[in-house]
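What follows is a short report on a single structure.
The values are calculated or read from the model by the stated rules, or taken from the named source; none is laboratory data. Just so it is clear, the model here is predicted, and its values are computed rather than measured. Cβ placement follows ideal geometry from the backbone for every residue including glycine, while neighbour counts extend to all protein chains displayed.
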């Protein structure tokens, strides 16, 4: 092979290698784009979480949101924090508020959180019987075998609150 052919071949190999993208220093860092937070209704906890929290904590609240990799400190796994602190998730019997009960039940199952049932009572007419509470829990997709446990969780939470204020 002549020197010219050898030089051309080396040039072609060099050109081909130059076109292969090589990782750049710092390329593994995710850029943070700062944008103003959109308005969300304070009446919708799930909408507020989705807009203000999920980018870091993730939809499942386990700290694996799309922006998590760009943070210097990893976001907290909120499901573990809630379980550690005895936070219960609430199934509500209140008309209109109960539209998210299925989602709440699903999240409790996924995170191992305790569930309670709450009437969100504003007046005596908001109080419900155990039978109606059981109907609401079934409507939220909760199996019959968990209903007594949820009612017991609610009683225990109420007893704890009463003892705290005595």
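Here is the figure for the range 98-120: residues that are out of contact with any strand residue (DSSP E or B) (no Cβ under 9 Å at 6 or more places or on another chain) and in contact (Cβ under 8 Å) with a residue 12 or more places away in the chain total 5. For the range 52-61, the candidate set comprises residues that are closer than 26 Å to residue 99 by Cβ and in a helix (DSSP H, G or I); within that set, the residue that is modelled with the lowest pLDDT is 52.
Here residue 64 clears all of (1) at pLDDT 90 or above; (2) in the same structural domain as residue 50 (by TED's automatic domain parsing); (3) under 23 Å from residue 41 (Cβ atoms) except the condition numbered (3). For the range 30-51, the criterion of being surrounded by 10 or more Cβ atoms within 10 Å (Cβ to Cβ), at pLDDT 80 or above, part of a loop (DSSP other than H, G, I, E, B) and within 15 Å of the chain's Cα centre (by Cα) is met by no residue. With respect to the conditions (1) at positive phi; (2) at pLDDT below 80; (3) surrounded by 15 or more Cβ atoms within 10 Å (Cβ to Cβ), residue 26 falls short on a single one, namely (3). Selection of the range 64-91 for residues being more than 21 Å from residue 156 (Cα to Cα) and in a loop (DSSP other than H, G, I, E, B) yields 64, 65, 66, 67, 71, 72, 73, 74, 75, 76, 77. Of the helices (runs of 4 or more DSSP H) lying entirely inside the range 92-166, those carrying at least 3 residues that are more than 23 Å from the chain's Cα centre (by Cα) and closer than 24 Å to residue 81 by Cα are 144-164.
For the range 77-93, the set of residues classified as modelled with pLDDT under 85 and touching a helix residue (DSSP H, G or I) at 6+ places or on another chain (Cβ under 6 Å) consists of 79 only.
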